Amino acid sequence: MVKDVWRYLRAERANQLAALCELLRIPSISAQREHAPDVQRAAEWLALRLRAIGLEEVAVQPTAGHPVVLGQTPQQPGRPTVLIYGHYDVQPPDPLALWTTPPFEPTVRRGRLYARGAADDKGQLFIHLAVLEAWQRAGGGCPVNVKLLLEGEEEIGSPQLPPLLRARARELACDVVLVSDTHMLGPRTPSITAGLRGICCCEIVVRTAARDLHSGNWGGAVANPLQVLAELLVACKDPRSGKVRIPGFYDAVKPLPAHWRRALSETPHDDAALAKALGAPALFGERGQSTLARIGARPTFEVNGVVGGYAGEGIKTVLPCEARAKVSLRLVPDQSPTQVLAALKRHLAACAPPHARVSVRVLENSAPAVRLDTDFPELEAARRAITRVFGRAPLLSLEGGSVPIVAEFERTLKRPTLLLGFGLPDDNLHAPNEKLDLAMFERGTRTVALLLAELAAARA
């Protein structure tokens, strides 16, 4: 039956790609209020698709924010149940000038599909829709019970999903949660993600005057907020060692367990090749840590954007009154987002000079880090499926990104999560020219189709 499903997937690949492009054309940017109608439109598009492929109990569930899309295959007693999670919201596409083709006009170039959301996460979400359609059309029905939970707020921290999950815990009960919102180490280095860093974010605001001033008349008499902001940012992170300088920041950080140190050391990696692929003059990070450890197993402090003064064409000799920086901190297990943000606020207050007013606005997208179990039956089924499709056994990896709801799945549903992503490290997530490798999309559909069959066979 799996071979019939694979044949259907091959035959329908062009139609599936066309449908995915329809979804990618919807600018479902959850962070921007003006795109709320687009987020709603994407949810409704998905609901129509789920009904078209034969799913039941399909609903666009309103929340206090953006909606959640629910659906399920016909539920059969005695079969294992898989809850598939994905998100249909996307990051803002800025800066637009750096896109080779418009972000919401999907374009295929050299076997890669370029669009905002291509890999994060519409393309990976669509892998599961393609597989469910193939099982319904060619496989005689899905061999396991599948429930779908597709949200529209992952890129802003999933604020509405935890209460919905708790309210519907019985309805969403399952044997395993399956998430495809991560990447593999490479097209010839398949992997399963077993850890995600946590996250907390804030905006730092520095004001030194009530209004912008003439830099000739007042320069030298009033502090420049951009200068003050730069000094505060350096006070938070050492520019030479890469160490975070916030007192107490590392207090809860534990040494990486021996089996993970061994796993990272056995993972194929080349610093020079990575720097070249990223277009970086050289790699940089916390001194004394390997690149893979810095990415997946160590916490960070990163400035995501700075605004202040005049940066348009020509010159405007202005002394700005305000400067802002948006900052994200990636966290590791046992670090509390709340405690880290409190420590950052205390540190900035202590470092703030008397000639500036410094405030911190916490942004609501915090999530703790997760380090998942690496020994449960569904993970072994995924190993078998990946090995058959990719021709080699997968490695286990620690990923530097965050999927905010994963920790809540563990707490509320009390079932393991399988992070089985098919993106690649160079997919330009959150950046211009985001892409999805279509060969990985094809392998992803084959792997998920086989995984569902493996899960059914294991229960039989």
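Each value in this text was obtained by applying a stated rule to the coordinates, not by laboratory testing. Worth saying up front: this structure is predicted, and the values here are computed from it rather than measured.
Pull out the extension gain between residue 431 and residue 238, defined as 0.36 nm times the separation in residues minus the alpha carbon to alpha carbon distance; nm, one decimal.
Between residue 431 and residue 238, full extension yields an extra 66.9 nm.
Could you pull out every one of the aspartates and glutamates with an alpha carbon less than 15 Å from that of residue 243, ignoring same-chain neighbours closer than 8 positions?
Correct list for residue 243: 251, 286, 302.
Shape call for the range 230-358 from the C-alpha gyration tensor, a ≥ b ≥ c root eigenvalues: rounded (a/c under 1.5), prolate (a/b greater than b/c) or oblate?
oblate
What whole-number distance in Å separates the alpha-carbon centres of the range 308-345 and the range 417-438?
27
Using θ = phi - 60° and the Karplus relation 6.51 cos²θ - 1.76 cosθ + 1.60, list the HN-Hα couplings for the range 386-394 in order, rounded to whole Hz, with x at every Gly or Pro.
Those phi angles translate into 5, 4, 5, 7, 8, x, 7, 6, x Hz.
I'd like the orientation of helix 225-236 relative to the chain: the angle between its Cα long axis and the longest Cα principal axis, in ° from 0 to 90, rounded to 10.
So the inclination is approximately 60 degrees.
Compute the angle between helix 337-351 and the longest alpha-carbon principal axis of the chain, please, reported from 0 to 90 degrees and rounded to the nearest 10.
10
Counting only residues 5 or more places away or on other chains, whose amide H sits under 5 Å from the amide H of residue 434 once H atoms are built in the peptide plane?
115
Based on the alpha-carbon gyration tensor of the range 174-271, what equivalent-ellipsoid semi-axes (square roots of 5 times the eigenvalues) come out, in whole Å, largest first?
Working through the eigenvalues yields semi-axes of 44, 18, 16 Å.
Once every DSSP H run of n ≥ 4 in the chain is given -39500 (n - 2.57) and the sum is divided by its residues, what mean residue ellipticity at 222 nm do you get, rounded to the nearest 500 deg cm²/dmol?
-10500 deg cm²/dmol
Normalised by the empirical 2.2 N^0.38 Å for globular proteins, what value does the Cα Rg of the chain take?
For the chain, the normalised Cα radius of gyration comes out at 1.03.
For the chain, find the longest principal axis of its Cα atoms and tell me its angle to the long axis of helix 2-11, 0 to 90°, nearest 10.
60
What is the spread of the Cα atoms of the range 105-264 along each of their three principal axes, largest first, in whole Å?
Cα extents, longest axis first: 78, 46, 44 Å.
Starting at the first residue of the range 19-31, write each ³J(HN,Hα) from the Karplus equation 6.51 cos²θ - 1.76 cosθ + 1.60 with θ = phi - 60°, in whole Hz, x for Gly and Pro.
5, 4, 4, 4, 5, 5, 6, 7, x, 7, 8, 6, 6
Given the convex hull over the Cα atoms of the range 37-194, what projected area results after averaging over all orientations, in nm²?
Spelled out: convex hull of the Cα atoms, projected over all directions, averaged, 11.2 nm².
Could you state the per residue volume, in Å³, of the convex hull enclosing the Cα atoms of the range 157-201?
Expressed per residue, the convex hull around the Cα atoms of the range 157-201 is 115 Å³.
For the range 1-92, I need the span (max minus min coordinate) of the C-alpha atoms along each principal axis, in Å, sorted largest to smallest.
46, 33, 19
Using only Cα atoms, locate the centre of the range 107-177 and the centre of the range 253-294, then give the distance between them in Å, rounded to an integer.
Centre-to-centre (Cα) distance: 30 Å.
Taking a quarter of the surface of the convex hull around the Cα atoms of the range 311-429, what do you get in nm²?
Reported value for the Cα convex hull: 12.4 nm².
Can you work out D for the range 60-140 in µm² s⁻¹ from Stokes-Einstein, where Rh is the Kirkwood radius over C-alpha pairs, the temperature is 10 °C and the viscosity is 1.306 mPa s?
102
One-quarter of the Cα convex hull surface for the range 236-296, in nm²?
Orientation-averaged projected area of the Cα hull: 5.0 nm².
Past 18 Å, Cα to Cα: identify those pairs from 147/435; 326/435; 122/435, in the order given.
Beyond 18 Å: 147/435; 326/435.
With no solvent and one point on each alpha carbon, what is the Debye value of log10 I(q)/I(0) for the range 122-165 at q = 0.32 Å⁻¹?
The Cα Debye sum returns log10 ratios of -1.12.
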